[in-house]
Amino acid sequence: MKMHASQQSSTTIRQLELGCGSNKRDGFFGIDILSTPCVDLVMDYENNRLPFEDDSIDYVYSSHSFEHIKRHPEVFRELLRVCRHDATIEIWTPYGKSDDGLLFGHYTFFSETSFKHICYEYDRFYLGDSHGYFLWERTHYNLYPGILEELRGMHIPLNFALTHMFNVALEWGVFLRVKKDSPRAPGLQYPLREYSVAGRAPLVDVESVPTRAV
C-alpha cells in the first residue's frame, strides 16, 4: 500500500473512487492497484481492508474496475462498512451481454441478475452479518449506436431486447443507495431505467420504442 504525498487525511475524505486509473473523477479520492499521477492511494482494494472509518463515506464511484475483480462479497461488505446511511454507490461496467463485456481480463459479466442477488435476493451471501443493505435506485444503459432504429424497424421493445438479445447496450451504470435503517433488504426493488447512446449523456427519448411486442 503506497500513499501519495498529496493524499488527504482519511478523516476528511467523503468521496471515493475505486480503480481510478489515469482518469479520476474531480473531487474524488482515487484508489488503484497501479500508480499514476491521479492515484491518491496505491492499494489492492479487492484484497485489503479500506483505510477509512466506519460510516465515513458519502459517495463511491467506480468505472470499469469491478469486472476485473473476483472477491465481490468482500468488496461489498467493505463498502457497506465505510459508507454512511444514504450514501450513493455508482458502479459502471461493460454490460454483461455485450462483446465489450467478454474481453480478456474480465472475470465477471455483470447483468441485472447480478445486482438482484447483491441487493435483495441473496444480500446476506454478499453482505454477511453486516447491518444494512443496498437499495438499487437507478440503472443507466449506454446503448449501442443505431440499436434503437434497428429495434424500431423490427418492432422489438427495448426492454425485451436488453433481456434476451446481445450487444444492445455497451456499458451500464448501477446506482445503489446504502441503507442502514434495516438489518437486511426488506423485499423486491424496482430501479428506474435511463438510456443514452454512445456516451453517458444526454439521455435519449425512448418513448417511440414499443413497450410490448406488436
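The values are calculated or read from the model by the stated rules, or taken from the named source; none is laboratory data. Remember, it's a predicted structure, so these values are computed and weren't measured experimentally. Note that each Cβ is placed from the backbone with ideal geometry, even for glycine, and that neighbours are counted across all protein chains shown.
Can you name every residue in the range 158-188 that is in a loop (DSSP other than H, G, I, E, B) and surrounded by fewer than 18 Cβ atoms within 10 Å (Cβ to Cβ)?
If the condition is that a residue be in a loop (DSSP other than H, G, I, E, B) and surrounded by fewer than 18 Cβ atoms within 10 Å (Cβ to Cβ), then 165, 166, 167, 180, 181, 182, 183, 184, 186, 187, 188 are the ones that fit.
Restricting attention to strands (runs of 3 or more DSSP E) lying wholly within the range 41-147, give those where 3 or more residues are acidic (Asp, Glu), touching a residue at least 24 places away in the same chain (Cβ under 8 Å) and surrounded by fewer than 20 Cβ atoms within 10 Å (Cβ to Cβ).
Output list is empty.
Out of the residues in the range 191-200 that are at pLDDT below 95 and assigned to a loop (DSSP other than H, G, I, E, B), state the one that is surrounded by the most Cβ atoms within 10 Å (Cβ to Cβ).
Per the stated criteria, the residue is 200.
Identify all residues within the range 26-40 that are outside any strand (DSSP E or B), at pLDDT 95 or above and surrounded by 16 or more Cβ atoms within 10 Å (Cβ to Cβ); write none if there are none.
If the condition is that a residue be outside any strand (DSSP E or B), at pLDDT 95 or above and surrounded by 16 or more Cβ atoms within 10 Å (Cβ to Cβ), then 28, 33, 39, 40 are the ones that fit.
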